[in-house]
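Some notes on the structure that comes next.
The values are calculated or read from the model by the stated rules, or taken from the named source; none is laboratory data. Computed from a predicted structure; not experimentally measured. For neighbour counting, all protein chains shown are included, and Cβ atoms are generated from backbone atoms with ideal geometry for every residue, glycine included.
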Amino acid sequence: MQNLTRLIKKTINLWIKSQAPTQKLTNIKKIDRFLILLICVIISIITSYEYVTKPIQNIDFIISVIINFFEVFICCGVLVYISKKEEPTINSRQIFLLIGLLLTVLILKINLKTISPLSIIVPPTLIISQGMGTTIALSWVSIALINWPNSPNGMNEYLLLTTFVSSCIVAILSGKIRSRAQLLQVSILVPLGAFIGQYFFLGIDNNNLYNFNIQNIVSKQGNIVSDTFLLAALMLLAIICMPILESIFGLVTKARLLELADQEKPLLRKLSIEAPGTFEHTLLLCGLAEEATRTIGGNVDLVRTGALYHDIGKLHAPNWFIENQNGSSNPHDELDNPFESAKILQDHVDKGIQIARKYRLPKPVANFIPEHQGTLKMGYFLFKAKEKDKNISENNFKYKGPIPQSKETAILMLADGCEAALRAMDINASDKEALKIISKIINSRIQDGQLLDSNFSRGEIYLIKISFLNVWKRVRHRRIQYPTAKNNSFT
């Protein structure tokens with residue numbers, strides 16, 4: 001009986017956890033909500049087009065039209081809900097893209113009945129999967145294929161089945177793809193697979209080969225050779241347009257993150273030259289944050305890129321940060337004003353956000369700049385201020401925030417706190433001592449309320465601690481002391 005009760009409680013807890021978003025939902029303006037609602041209504045009307053154009057026959061016909069309208073309207077609402085659930089930071093522009101593509105598909109399938117559904121459904125699926133994820137893409141495909149109209153030559157159900165299977169494959173594969181080259185492979189292999197599927201189900205007419213020309217591509221449905229070439233061409237066009245869509249709609253694809261993480265990027269090169277200590281600190285943070293994110297199943301590409309750019313604000317005054325001083329005098333000592341010093345530290349966040357806008361960094365990457373500091377206290381300068389005035393307000397020595405809104409930015413905050421402490425430990429320190437330091441820092445962040453919006457479970461916190469420990473064990477390895485020789489030929 002106790003085991004059954006425990007199982008029920010565990011199931012309830014899992015259900016509650018599944019309903020809570022992993023990140024704080026993005027606010028959408030009222031005007032944007034109204035426009036989204038309006039587009040959903042238009043989509044529902046267009047989907048009921050064939051019903052509406054027929055003459056009213058009886059009450060049953062009217063009921064069927066109303067049912068069809070609300071069925072599609074509810075499906076649109078479910079699509080928007082799923083997009084918010086899967087990507088809590090999704091903005092209104094991205095929702096407009098999602099339902100805009102759905103509206104475009106519905107218009108095309110009514111007005112261009114000669115074009116294969118493969119060419120209408122699969123390319124948008126590639127865009128959505130790359131920019132918003134597999135789950136959203138699969139949901140979009142399911143709704144886009146509702147009430148597909150008959151073509152002049154008759155719609156074969158096997159063609160819709162091939163379209164659905166091809167779209168699902170694209171949605172699943174594209175959501176995991178991390179390079180443009182892999183996208184090109186998909187744009188070739190999927191049309192080829194669709195051709196084989198159509199050949200298997202529909203067969204091929206010799207006339208399709210002999211009569212194949214450019215005009216048949218858009219004017220004659222059922223020519224599987226034409227359908228294949230058109231699908232491949234449109235998928236290539238979608239890949240070419242992806243960088244433009246990324247910029248306009250703020251999409252963050254894995255390929256885009258990998259491009260931004262290239263250390264030859266001008267901004268990262270500038271950081272490595274003008275603030276070398278900060279850059280080395282950043283690389284160490286990447287190792288800690290990547291391992292922790294991988295352990296809990298987070299977005300490794302996002303946390304790597306976010307870690308590389310999180311301290312770019314220090315470019316405005318690199319010598320005011322100790323890692324860039326190389327043993328020279330500390331300007332904070334000469335300033336001898338804790339309030340001004342605290343302002344300079346806050347400036348590295350404010351200036352970082354400005355630099356991110358200047359270089360057009362995607363918002364999910366730019367979010368790492370303020371959120372990795374959250375609302376933490378600047379402990380050293382607060383202590384210095386209290387030496388002069390014990391009644392000083394701590395709010396003057398807090399970062400402006402916000403606290404981390406995602407697990408990735410929270411992991412970077414924890415890694416930032418642990419990195420310096422682990423680096424300062426003796427090389428002969430035991431694993432137990434290192435884990436104690438890590439736990440102390442992470443627990444202090446929890447008690448300070450910095451992880452309230454991150455929704456970490458206890459198990460995830462434990463895994464993060466262990467991953468930090470494992471990275472520390474890898475980087476603290478000892479080196480053999482080689483004997484010296486006159487020719488220094490030892491390696």
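For segment 258-279, the count of residues that are among the aromatic types (Phe, Trp, Tyr), under 30 Å from Asn324 (Cα atoms) and either buried (at least 18 other Cβ atoms within 10 Å of the Cβ) or not assigned by TED's automatic domain parsing to the domain that holds Leu184 (or both) is nonzero.
Table: residues versus (1) of a type in the set (Ser, Thr, Tyr); (2) over 24 Å from Leu35 (Cα atoms); (3) touching a Phe, Trp or Tyr at 6+ places or on another chain (Cβ under 7 Å); (4) outside the structural domain of Cys76 (by TED's automatic domain parsing).
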| residue | (1), (2), (3), (4) |
| --- | --- |
| Ile99 | no, no, no, no |
| Ile115 | no, yes, no, no |
| Val122 | no, yes, no, no |
| Thr134 | yes, yes, no, no |
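Among the residues of segment 145-167, those identified as of a type outside the set (S, T, N, Q) and at pLDDT 90 or above are Phe164, Val165.
Would you mind stating whether Lys343 is more than 18 Å from Ile411 (Cα to Cα), out of contact with any Asp or Glu (no Cβ under 6 Å at 6 or more places or on another chain), free of Cβ contacts under 8 Å to residues at least 24 places away in the same chain and not small (Gly, Ala, Ser)? First the steps, then the outcome.
On the way: more than 18 Å from Ile411 (Cα to Cα): yes; out of contact with any Asp or Glu (no Cβ under 6 Å at 6 or more places or on another chain): yes; free of Cβ contacts under 8 Å to residues at least 24 places away in the same chain: yes; not small (Gly, Ala, Ser): yes.
When the stated conditions are applied, Lys343 passes them.
The combined condition, being free of Cβ contacts under 8 Å to residues at least 12 places away in the same chain, over 22 Å from the mean Cα position of the chain (by Cα) and assigned to a helix (DSSP H, G or I), is fulfilled by Ile273.
Regarding segment 381-401, can at least one residue be identified that is surrounded by 22 or more Cβ atoms within 10 Å (Cβ to Cβ) and out of contact with any strand residue (DSSP E or B) (no Cβ under 7 Å at 6 or more places or on another chain)? Walk me through it before giving the result.
First, the residues of segment 381-401 that are surrounded by 22 or more Cβ atoms within 10 Å (Cβ to Cβ): 397.
With out of contact with any strand residue (DSSP E or B) (no Cβ under 7 Å at 6 or more places or on another chain) added as a condition, the list becomes none.
Scanning segment 381-401 turns up no residue that is surrounded by 22 or more Cβ atoms within 10 Å (Cβ to Cβ) and out of contact with any strand residue (DSSP E or B) (no Cβ under 7 Å at 6 or more places or on another chain).
Residues in segment 292-317 that are part of a helix (DSSP H, G or I) and surrounded by fewer than 20 Cβ atoms within 10 Å (Cβ to Cβ): Arg294, Thr295, Ile296, Val300, Leu315, His316.
Could you identify the single residue in Ile411, Ile369, Ile427 that is under 21 Å from Phe321 (Cβ atoms) and not in a strand (DSSP E or B)? Don't jump to the end; show me each part of the working.
Values: Ile411 fails: under 21 Å from Phe321 (Cβ atoms); Ile427 fails: under 21 Å from Phe321 (Cβ atoms).
None of the other options fit; the residue is Ile369.
With respect to Ser329, determine if the residue is in the same structural domain as Leu271 (by TED's automatic domain parsing) and not in a helix (DSSP H, G or I).
Numbers: in the same structural domain as Leu271 (by TED's automatic domain parsing): yes; not in a helix (DSSP H, G or I): yes.
It is true that Ser329 is in the same structural domain as Leu271 (by TED's automatic domain parsing) and not in a helix (DSSP H, G or I).
Selection of segment 283-339 for residues being under 18 Å from Ile464 (Cα atoms) and acidic (Asp, Glu) yields Glu290, Glu291, Asp301. In segment 281-306, the residues that are within 13 Å of His372 (Cβ to Cβ) and assigned by TED's automatic domain parsing to the domain that holds Ile466 form Cβ pairs under 7 Å with partners that are part of a helix (DSSP H, G or I) and of a type in the set (Gly, Ala, Ser), at six or more places apart or across chains, as follows: Thr282/Ala307; Leu285/Ala307; Leu285/Ala415; Cys286/Ala307; Leu288/Ala415; Ala289/Ala307; Ala289/Ala415; Val303/Ala289. Buried (at least 16 other Cβ atoms within 10 Å of the Cβ), modelled with pLDDT under 90, outside any helix (DSSP H, G or I) and of a type in the set (D, E, K, R) - does that describe any residue in segment 65-84? No, the conditions are met nowhere in segment 65-84. Here segment 430-453 is the region considered, the condition is being over 29 Å from the mean Cα position of the chain (by Cα) and assigned to a helix (DSSP H, G or I), and the residue that is surrounded by the most Cβ atoms within 10 Å (Cβ to Cβ) is Ala434. Could you grab me the full set of residues in segment 296-355 that are over 19 Å from Gly379 (Cβ atoms) and of a type in the set (A, V, I, L, M)? Within segment 296-355, Ile296, Val300, Leu302, Val303, Ala307, Leu308, Ile312, Leu315, Ala317, Ile353, Ile355 qualify. For segment 103-124, does any single residue satisfy the condition of being out of contact with any Cys (no Cβ under 9 Å at 6 or more places or on another chain), assigned to a helix (DSSP H, G or I), of a type outside the set (Ser, Thr, Tyr) and at pLDDT below 80? Yes; the residues of segment 103-124 include at least one that is out of contact with any Cys (no Cβ under 9 Å at 6 or more places or on another chain), assigned to a helix (DSSP H, G or I), of a type outside the set (Ser, Thr, Tyr) and at pLDDT below 80.
Checked against (1) surrounded by fewer than 21 Cβ atoms within 10 Å (Cβ to Cβ); (2) outside any helix (DSSP H, G or I); (3) modelled with pLDDT of 85 or more, Gln405 passes all but condition (1).
Residue check: is Ser247 assigned to a loop (DSSP other than H, G, I, E, B) and over 21 Å from Asp416 (Cβ atoms)? Judged against the criteria, Ser247 is not a match.
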